[in-house]
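Step one of this worksheet: look at the structure below.
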Amino acid sequence: MITEQIEALLALQDVDVTLLQLKKEAQGIPPRQEAVKANAAGARERLAQAKEAVKAAESAIKQFELDVEGLRTQQNRYRQQQMEAKDNEVYKTLGHEIEMVDEKVSAIEDQELEAMDRLEETKASVVEAEANLKEAEALVDTDVAQLEERLNVIKSTFAECKSKREALAAPVDADVMKRYMNQLQSKQDKVVVPMNELNCGGCNMKLTPQHAHDAHAGQKWVNCSYCGRMLYDRTVIKYKSKLL
Ligand SMILES: [Zn+2]
């Protein structure tokens, strides 16, 4: 009887659809775990960069101080030479050099002030990056573990469904099973569907009164002309899922 075969397929389909869903969810878990880890790695990288920026600002300040020191030493030499100068022209030239040093020092000190501002900003960035990293690492601990747990649940539910499946597949005729499996493989979704009024319960396209008549009679297999799914009449087959 077609109706008995349809009922058997519906029970099998419940398990198969669950297996498909579990498989899909399981496949999605490693990428989700990787994303959480990648997020933490990104936060770690940003902290390292922020620390580098602090070092760069500090060494820039140090360099400016050394430059000023060097210029001041040079300036003292000019002053010494000026005191010892016998020639008025030489005296004036050295006086000019001494002023030039003051100008250079002043310019460097401006740059040094900017670098100090930058240092404050980079230090604040380090504090922020540290907080972000802490948060991201906490997520690695919780999310990755939770996803791992979920994966274990999926694996055991999958095994349960697999063992149920064997008994449910037994009453299905071999040729029916072959057609059902082919469709299931290609659709990765339900392939035995009810008619809703005159519409296919799978693709929702409009069927003909002949489809409805044949499905109601339950004497032969009726397939949707659009998606190919196997159709049944809900008033004839009152199937209720027993799963989960
Ligand atoms: Zn259809």
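Values in this text are rule-based calculations from the coordinates and carry no lab data. Predicted, not measured: the structure shown is a model, and the values here were computed from it. Don't worry about glycine lacking a Cβ; one is built from the backbone with ideal geometry, like all the others, and counts go over all protein chains shown.
Which one is farthest from GLN146 (Cα to Cα), of the residues in region 33-60 that are among the aliphatic types (A, V, I, L, M), over 20 Å from the mean Cα position of the chain (by Cα) and surrounded by fewer than 16 Cβ atoms within 10 Å (Cβ to Cβ)?
So, considering only residues that are among the aliphatic types (A, V, I, L, M), over 20 Å from the mean Cα position of the chain (by Cα) and surrounded by fewer than 16 Cβ atoms within 10 Å (Cβ to Cβ), the one farthest from GLN146 (Cα to Cα) is ALA56.
Kindly indicate the residue of region 188-244 that is within 13 Å of the ligand (Cβ to nearest atom), assigned to a loop (DSSP other than H, G, I, E, B) and in contact with a His (Cβ under 8 Å, 6 or more places away or on another chain) and also nearest to LEU168 (Cα to Cα) among those meeting that condition.
VAL222
Out of everything in region 163-178 that is part of a helix (DSSP H, G or I) and touching a residue at least 24 places away in the same chain (Cβ under 8 Å), what residue ends up being farthest from the ligand (Cβ to nearest atom)?
Ranking the qualifying residues of region 163-178, first place goes to LYS164.
Within region 180-199, can you find the residues that are in contact with a helix residue (DSSP H, G or I) (Cβ under 8 Å, 6 or more places away or on another chain), surrounded by fewer than 20 Cβ atoms within 10 Å (Cβ to Cβ) and not aliphatic (A, V, I, L, M)?
GLN188, ASP189, LYS190
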